[in-house]
1. Determine if segment 84-96 includes at least one residue that is within 23 Å of Met221 (Cβ to Cβ) and either in contact with a Leu (Cβ under 9 Å, 6 or more places away or on another chain) or exposed (fewer than 12 other Cβ atoms within 10 Å of the Cβ) (or both).
2. I'd like the full set of residues that are over 25 Å from the mean Cα position of the chain (by Cα) and of a type outside the set (Gly, Ala, Ser), limited to segment 188-202.
3. From Lys137, Lys205, grab the single residue that is among the basic types (Lys, Arg), more than 21 Å from the chain's Cα centre (by Cα) and farther than 27 Å from Leu38 by Cβ.
4. What residue, of Ala63, Ala41, Ala75, is over 17 Å from Ala152 (Cβ atoms) and surrounded by fewer than 13 Cβ atoms within 10 Å (Cβ to Cβ)?
Amino acid sequence: MTTKKKSRPVRRLSKGAKPRPSSNRKKKTTRKRTPRQLMLADLKRSGLTDGDARKAGYKPQTAQQINKLTGNYAAGYLIPYHDVNGKKTKYWRVRYTEEVKGAFGSSKKKPLRYTGPPGEIPRFYYPPGYDWRSLAKDTSESLIITEGEKKALKACKSGLPTIAVAGVWSWRSKKKGVAAIPDFDEIEWRGRKVYLAFDNDLMTKPDVVAALNALAHELTMRGAKIVIKYLQ
């Protein structure tokens with residue numbers, strides 16, 4: 001005599017209940033952001049927009065393009081430099097938006113954020129939107145000098161005439177034996193009020209303090225009236 005197997009009762013969903021997701025469903029994968037998206041995300045943190053980037057000529061670059069420029073393999077964007085007359089110079093900087101790996105893919109102890117062209121003397125960064133040639137001659141106009149292109153671009157956007165140095169010592173070149181870059185000679189300093197605006201958290205570093213004092217001394221020797229401001 002054979003016995004029939006009892007069938008398992010069908011579980012009925014209560015009203016409003018949602019069915020359990022099938023384990024066979026494919027998991028959603030996050031799509032890698034494009035170099036442009038990475039650039040805009042970085043600029044947004046500095047209060048800058050796509051329009052600001054276009055106006056300043058910032059160009060997103062793939063890891064392959066960056067590799068040809070710097071030898072490093074990571075996405076980023078290119079920051080062009082112009083002189084006081086608005087003419088494009090040979091100097092530029094790359095802002096990395098992906099981690100730059102060390103040998104054999106290892107992480108660097110100090111993350112590399114920027115790279116400039118090897119062998120080139122640093123330049124002042126003049127953001128677009130100002131008649132820098134006229135301002136350079138008019139000593140009644142005050143001028144702000146800060147560290148970093150994005151800070152200068154944001155300040156100019158807010159109506160504050162600001163130029164930038166790429167780094168705290170990037171107004172000179174020890175390797176080239178240049179005590180002060182030629183860009184200093186393009187601006188009339190005598191009698192001009194100049195604000196040096198550096199990050200407050202950097203002021204705990206002796207090298208940064210030394211750089212700020214050296215820059216203040218250079219400008220004072222040229223006749224500028226120095227005011228030091230610390231950015232929060």
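Nothing in this text is a laboratory measurement; each read-out follows from the coordinates by a stated rule. Since we're looking at a predicted model, the values are computed, not measured. In this analysis, Cβ positions are derived from the backbone assuming ideal geometry, glycine residues included, and neighbour counts consider all displayed protein chains.
1. Looking for residues that are within 23 Å of Met221 (Cβ to Cβ) and either in contact with a Leu (Cβ under 9 Å, 6 or more places away or on another chain) or exposed (fewer than 12 other Cβ atoms within 10 Å of the Cβ) (or both), one finds at least one in segment 84-96, hence yes.
2. Restricting attention to segment 188-202, the residues satisfying the condition of being over 25 Å from the mean Cα position of the chain (by Cα) are 188-193.
Within segment 188-202, Glu188, Trp189, Arg190, Arg192, Lys193 meet the criteria.
3. Lys137
4. Just one listed residue meets the conditions, Ala41.
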